[in-house]
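Asker: This is the structure I have questions about; it appears just below.
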Amino acid sequence: MELFTKELNQLVFDYKKCPNELIKKQILQDINLLREALELLIEENETKNL
């Protein structure tokens, strides 16, 4: 989980500092994919704890 959080923070940092709109769009896609993976991981953990 810590690795996901670290990667997400790095992607957000890269997105904010990037001047190229095409690259920003690609970074945003990566952010959304990682967000979805985190949501699935959280759901899985919640299901295991029931």
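Asker: Considering only the stretch 27-50, how many residues are of a type outside the set (D, E), open to solvent by 100 Å² or more (accessible area, probe 1.4 Å) and assigned to a helix (DSSP H, G or I)?
Answerer: 4
Asker: Give just the number: which of (1) assigned to a helix (DSSP H, G or I); (2) open to solvent by 100 Å² or more (accessible area, probe 1.4 Å); (3) modelled with pLDDT of 95 or more does L3 not satisfy?
Answerer: So L3 meets the others, but not (3).
Asker: Determine which single condition P19 fails, assuming it passes every other condition in (1) open to solvent by 90 Å² or more (accessible area, probe 1.4 Å); (2) modelled with pLDDT under 90.
Answerer: All conditions pass for P19, except number (2).
Yes/no per residue for (1) hydrophobic (A, V, I, L, M, F, W, C); (2) touching a residue at least 12 places away in the same chain (Cβ under 8 Å):
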{"residue": "L3", "(1), (2)": "yes, no"}
{"residue": "Q10", "(1), (2)": "no, no"}
{"residue": "D14", "(1), (2)": "no, yes"}
{"residue": "E21", "(1), (2)": "no, no"}
{"residue": "Q26", "(1), (2)": "no, no"}
{"residue": "L38", "(1), (2)": "yes, yes"}
{"residue": "T47", "(1), (2)": "no, no"}
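The values are calculated or read from the model by the stated rules, or taken from the named source; none is laboratory data. What you are looking at is a predicted structure, and each value in this text was computed from that prediction instead of being measured. Cβ atoms come from the backbone with ideal geometry, glycine included; neighbour counts cover every protein chain shown. Just the protein is used for accessible areas: all its heavy atoms, side chains included, with ligands, DNA and RNA removed. Shrake-Rupley method; radii C 1.70, N 1.55, O 1.52, S 1.80 Å.
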